[in-house]
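Below: the structure, in structure tokens.
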Amino acid sequence: GISLLLAAALTGQAQKKTPISQPLVSHLFTADPSAHVFNGKIYIYPSHDIESDTKRDDDGGHFDMKDYHVFSMGAIDGKVTDHGVALDIKDVPWVSRQLWAPDAEFKNGTYYLYFPAKDKEDIFRIGVATSKKPEGPFVAEKEPIKGSYSIDPSVFKDTNGSYYLYFGGIWGGQLQRWKGNTYLGKTDYPKKGETALLPRVAKLSADMKSFAEEVKEVKILDENGKLLMEDDKDKRFFEAAWVHKYNGKYYFSYSTGDTHNIAYAVGDTPYGPFTYKGIVLKPVQGWTNHHSIVEFKGKWYLFYHDVQLTGKTHLRNIKVTELKHNSDGSIQTIEPYK
Ligand code: FUB
């Protein structure tokens, strides 16, 4: 042990970490896996990472994705099927670049794929596309969802049949360019001592293609009922919103971005407020951390990604591992390399 550590330190080599799970697919690079159970199978809606000529920058320009593939699996340890291209950037008239983290849901015989991308003015918006099959191919609407902005849409179906779209992401995700629902046209980050930027939610209309109400901010509070502050960098929202319901409570989980955790907060309604509870997943290899949480055959699973196959932050691979709730409703923190 010690001599290996010493040798690694002397040669400057990174310690090789042992992952708790293996990539689900290795023939493509995949990330941001949103998993759902449809027709008794798991369907995964991830980003499709590619190498491109785009230079690395702080806004994530090197995440230059151009299509989506959908994957399915009949069992957690079973074969993973790649259903091919589900949506291609060239078939979405309003998009200029960067198909980022998507999600999907089902209603009345139709599957809806929600995806963020930059419009012709380089502003992130959220689009929707439909298919009669969970794996697509999907046909995109000609315009993004009216009133949508920023990135990382995730759709939550409540037990009463209402659907909610959560979204938002700071830095490259541009949330800092918006105050409420107004585009500032410039960046406005909170200063030291101010509250952190908040993710957004809106109920979806009956047609699943528009917002049924004005977009609202999702409040994330500390244990004293105060909004998380900009300085709470290891706790505050950054991107990758996801909601699951467990024992009647709403769990809002998200990435803390530059501190690389998947954190969670719990509330009594889909709108929150949510109270910060802890960490679902500790940092993974690679800069980004992005997940989904789903129940399948009586167990709960965390879908996530790291960069095990490449070591490159923008060429990721999706994974799955079991997630456990304790009897008090808290989530057992997952250490991805222990
Ligand atoms: O995959 C592109 C972006 O990286 C996602 O939208 C973010 O959540 C981060 O994972």
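Values in this text are rule-based calculations from the coordinates and carry no lab data. What you see is a predicted model; the values in this text were computed from it and never measured. Cβ coordinates were reconstructed from backbone atoms using ideal geometry, including for glycine residues, and neighbour counts include every protein chain displayed.
The figures follow:
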{"quantity": "Modelled FRET efficiency - R0 41 Å, Glu213 with Lys338, Cβ distances, 0.05 increments", "calculated": "0.45"}
{"quantity": "Neighbourhood net charge (12 Å Cβ-Cβ; Lys/Arg +1, Asp/Glu -1) for Pro190", "calculated": "0"}
{"quantity": "DSSP-loop trypsin sites (Lys or Arg not before Pro) across the range 200-265, with at most 13 other Cβ within 10 angstrom", "calculated": "Lys226"}
{"quantity": "Distance from the range 223-278 to the range 144-194 (C-alpha centre basis), Å", "calculated": "15 Å"}
{"quantity": "For the range 250-300: rounded, prolate or oblate by the Cα gyration tensor [a/c cutoff 1.5]", "calculated": "oblate"}
{"quantity": "Local electrostatic count at Lys226 - Lys and Arg +1, Asp and Glu -1, tallied over other residues with Cβ under 14 Å", "calculated": "-3"}
{"quantity": "Vicinal HN-Hα couplings computed from phi for the range 117-134 (Karplus, 6.51 cos²θ - 1.76 cosθ + 1.60; Hz; Gly/Pro x)", "calculated": "7, 7, 7, 5, 9, 6, 9, 5, 9, 10, x, 9, 9, 10, 7, 8, 10, x"}
{"quantity": "Spin-label zone in the range 117-145 - amide nitrogen under 15 Å from a point set 7 Å from the Cα of Asp82 along the C-beta vector", "calculated": "none"}
{"quantity": "Simple label model, 7 Å out from Cα along Cβ direction - Asp328 to Ser162, nm", "calculated": "3.0 nm"}
{"quantity": "Karplus 3J(HN,Hα) series, Hz, for the range 89-96 with 6.51 cos²θ - 1.76 cosθ + 1.60 (x for Gly, Pro)", "calculated": "4, 5, 9, 10, x, 8, 8, 9"}
{"quantity": "Isotropically averaged projected area of the range 54-161, using the convex hull of Cα atoms (one quarter of hull area), nm²", "calculated": "8.6 nm²"}
{"quantity": "Shape of the range 168-293, Cα gyration tensor, a/c cut at 1.5", "calculated": "rounded"}
{"quantity": "Scattering curve values for the chain, log₁₀ I(q)/I(0), Debye with Cα scatterers, q = 0.06, 0.15 Å⁻¹", "calculated": "-0.19, -1.32"}
{"quantity": "Cα gyration tensor shape of the range 220-338, rounded if a/c is under 1.5, else prolate or oblate by comparing a/b with b/c", "calculated": "oblate"}
{"quantity": "The chain: calculated mean residue ellipticity at 222 nm from DSSP helix runs of at least 4, using -39500 (n - 2.57)", "calculated": "-1000 deg cm²/dmol"}
